[in-house]
Amino acid sequence: VSAPAAVYFIFGATGDLARRKLFPALYSLYREGKLGERFAVVGLARRPRTNEQFRDDVFSSIGEFCRYKPGENEVWSAFSDHFTYLSLDTGNVDAFKQLKEHTEQLEAAYGIPGNRLFYLALAPELFGSVSRNLRDGGMLESSGWHRLVIEKPFGYDYPSAEKLNEEIRHVFREDEVFRIDHYLGKEMVQNIEVIRFANAFFEPLWNKNHIANVQITLSETVGVEDRGAYYNKSGALRDMVQNHMLQMLTMIAMEPPGRLDPESIRDEKVKVLRSVRRYASEEEVRDHIVRGQYSSGSLKGKALKGYREEDNVDPESVTETFFAAKLFVENFRWAGVPFYVRTGKRLPVKSTEIVVEFKNVPGNVLFARKQDLQPNLLVIRVNPMEGIYFRINAKAPGNDMKIQPVAMEFCQSCQVGINTPEAYERLLFDAARGEGTYFTRWDELAAAWKIVDPIAAAWRDYAIAPDEYPAGSWGPEKAERILSDDGYHWWPVN
Ligand code: BG6
């Protein structure tokens, strides 16, 4: 199946996201026949550029970042013919009127029935005004569908997110708005649903009676790179927890939806977010949450700067670059089961893994008196390795009845290799088909902010500064303690 004929408007076409993710995604979709031939891409940014220059930019971005490499050949020339560029001042409604004329010509040339997808790879402050100008410039008057795709951050807290949402909603309906959380586009995150609901042996065990704890790690080796100015205002809580971490937790914890349509799935997800225990008092926040910031250190023999020495970071910054927490989903299924989450920059490996640790066999009477039984683990490897790993106990070969953990493993990245579609490829394709499952609905976003805001407020009000950890380590020591106090430990990630 290919996406319906449409015009794709890339606002911020000279920016990093367009270059690294969006153009490569469009090219992969094209190469796989998912775009068809009835489409047009309009690059929009303030900077003047000819169509030729723009196509050259797109060519080099695809050469660098796409799993399909472009060549100077017919495929490339057919693809790049669909690309045009218009210099546009997003604050000027007349420019949108020009854009309208340009669009109508393209639609006539390609036989596109007025379907328009607006991808705002722009600062969120501009979402409201661009939406208004799209409307006032007549861009929403065509007969097809109109969809708005936007990127985080969606606000800084609940009130600012609500304001941003209202501005957008003056122009677009909720079902026309596609809020990207690129973790929801990842193969193995999408696979969580299938693993849980298409296998007879997980769902009966998927609850407080059989699961001891869940661990979600999203670790990065990079520091803040050149994003100090953004990151210093945001920190790990807003940059990673409010969105990617809570989304993964939600997929693990949600109830089976009545049917697999976007609204039923998102209805279940939002219930999870509303059930997450909110920490607000100083004591709750100190007991359950770890806030860290990297100091100088080293990784693989390379000396690394501390966070406060990074470019565009206040030398006295109390922004966290590490976050760990013990969370609870307070419903019948999960009462009492800790969800340990951690994420941070400048950790030892780049890895995203979800570990479901099962309770030990009842009483352990048969074996445990003689030897330590290791719990069963289900590990979902999200990134960069993709796969599922299931750890069970088996007898070691030999006569002495020794038990050892063995792995049953499905390594998806080994089999499909580099051909796994990228998150942005899927998400762009979904948005073009109007498939909203893997986008964040407003009520999910609102519920996530309501978990995050009281934590941020407690840090501020009670002056809870981050604990230091050396770059290249697994975060402050306290991140171990929130598990060891419960008799658990972080399972090593790969
Ligand atoms: C982004 C964050 O949303 O996700 C970045 O803003 C982070 O700080 C990135 O580096 C991680 O994404 P991935 O796909 O590389 O794990």
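Computed from the coordinates by the stated procedures, all read-outs in this text should not be read as laboratory data. Note that the coordinates shown come from a computational prediction; the quantities given were computed from them, not determined experimentally. Note that each Cβ is placed from the backbone with ideal geometry, even for glycine, and that neighbours are counted across all protein chains shown.
Listed here are the residues, each with its yes/no results for (1) under 25 Å from the mean Cα position of the chain (by Cα); (2) surrounded by 21 or more Cβ atoms within 10 Å (Cβ to Cβ); (3) of a type in the set (Lys, Arg).
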{"position": "Val130", "(1), (2), (3)": "yes, yes, no"}
{"position": "Gly137", "(1), (2), (3)": "no, no, no"}
{"position": "Asp157", "(1), (2), (3)": "yes, no, no"}
{"position": "Asn191", "(1), (2), (3)": "yes, no, no"}
{"position": "Ala198", "(1), (2), (3)": "yes, no, no"}
{"position": "Ala212", "(1), (2), (3)": "no, no, no"}
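Out of all the residues in the stretch 114-141, which are outside any helix (DSSP H, G or I) and over 23 Å from Phe23 (Cα atoms)?
Scanning the stretch 114-141 gives Gly137, Gly138, Leu140, Glu141.
Taking the stretch 207-217 as the range and being within 16 Å of the ligand (Cβ to nearest atom) and among the polar types (S, T, N, Q) as the test, only Thr217 passes.
Taken over the stretch 428-482, the criterion of being outside any loop (DSSP other than H, G, I, E, B) and basic (Lys, Arg) is satisfied by Arg433, Lys450, Arg460, Lys478, Arg481.
Taken together, Glu225, Glu220 contain a single residue that is within 10 Å of the ligand (Cβ to nearest atom), closer than 20 Å to Ser473 by Cβ and within 14 Å of the chain's Cα centre (by Cα), which is Glu220.
Quick check, is Glu72 under 22 Å from Ala108 (Cα atoms) and not small (Gly, Ala, Ser)? In short, no. Filtering the stretch 142-162 to residues that are outside any loop (DSSP other than H, G, I, E, B) and without any contact (Cβ under 8 Å) to a residue 60 or more places away in the chain leaves His146, Leu148, Ile150, Pro159, Ser160.
Being part of a helix (DSSP H, G or I), among the hydrophobic types (A, V, I, L, M, F, W, C) and touching a residue at least 60 places away in the same chain (Cβ under 8 Å) is a property that Val189 has.
Scanning the stretch 211-224 for residues that are of a type outside the set (D, E, K, R) and outside any strand (DSSP E or B) yields Thr221, Val222, Gly223, Val224.
Count of the stretch 413-451 residues, restricted to those that are out of contact with any Pro (no Cβ under 7 Å at 6 or more places or on another chain), among the polar types (S, T, N, Q) and closer than 23 Å to Thr250 by Cα, is 1.
Inside the stretch 174-206, residues that are β-branched (Val, Ile, Thr), over 15 Å from Thr250 (Cα atoms) and within 14 Å of the ligand (Cβ to nearest atom) make up a count of 1.
Test Glu104 against the criterion of being assigned to a loop (DSSP other than H, G, I, E, B) and closer than 22 Å to Gly144 by Cα, and give yes or no. Criteria not met by Glu104.
Would you mind stating whether Gln98 is free of Cβ contacts under 8 Å to residues at least 40 places away in the same chain and in contact with a Leu (Cβ under 9 Å, 6 or more places away or on another chain)?
Criteria met by Gln98.
Scanning the stretch 307-321 for residues that are closer than 24 Å to Ile455 by Cβ, in a loop (DSSP other than H, G, I, E, B) and either without any contact (Cβ under 8 Å) to a residue 24 or more places away in the chain or more than 26 Å from the chain's Cα centre (by Cα) (or both) turns up Asp314, Glu316. Is it the case that Gly235 is within 16 Å of the ligand (Cβ to nearest atom), closer than 22 Å to Leu304 by Cα and either surrounded by 22 or more Cβ atoms within 10 Å (Cβ to Cβ) or free of Cβ contacts under 8 Å to residues at least 24 places away in the same chain (or both)? Considered against the rule, which asks whether it is within 16 Å of the ligand (Cβ to nearest atom), closer than 22 Å to Leu304 by Cα and either surrounded by 22 or more Cβ atoms within 10 Å (Cβ to Cβ) or free of Cβ contacts under 8 Å to residues at least 24 places away in the same chain (or both), Gly235 comes out as yes. The single condition from (1) surrounded by fewer than 20 Cβ atoms within 10 Å (Cβ to Cβ); (2) more than 25 Å from Ala5 (Cα to Cα); (3) within 16 Å of the ligand (Cβ to nearest atom) that Glu151 fails is (2). How many residues are charged (D, E, K, R), within 18 Å of Phe96 (Cα to Cα) and surrounded by 15 or more Cβ atoms within 10 Å (Cβ to Cβ) when one looks only at the stretch 1-60? Number satisfying all stated conditions: 1. Exactly one residue among Ser264, Ser295 is farther than 20 Å from Gly344 by Cβ, away from the ligand (no atom under 16 Å from the Cβ) and of a type in the set (Ser, Thr, Tyr), and that residue is Ser264. A residue that is of a type in the set (Gly, Ala, Ser), farther than 30 Å from Ser28 by Cα and in contact with a strand residue (DSSP E or B) (Cβ under 7 Å, 6 or more places away or on another chain) can be found somewhere in the stretch 399-411.
Against the definition (part of a loop (DSSP other than H, G, I, E, B) and of a type outside the set (S, T, N, Q)), how does Pro204 come out, yes or no? Please lay out each step first, then the result.
Values: part of a loop (DSSP other than H, G, I, E, B): no; of a type outside the set (S, T, N, Q): yes.
Against the criterion (part of a loop (DSSP other than H, G, I, E, B) and of a type outside the set (S, T, N, Q)), Pro204 does not qualify.
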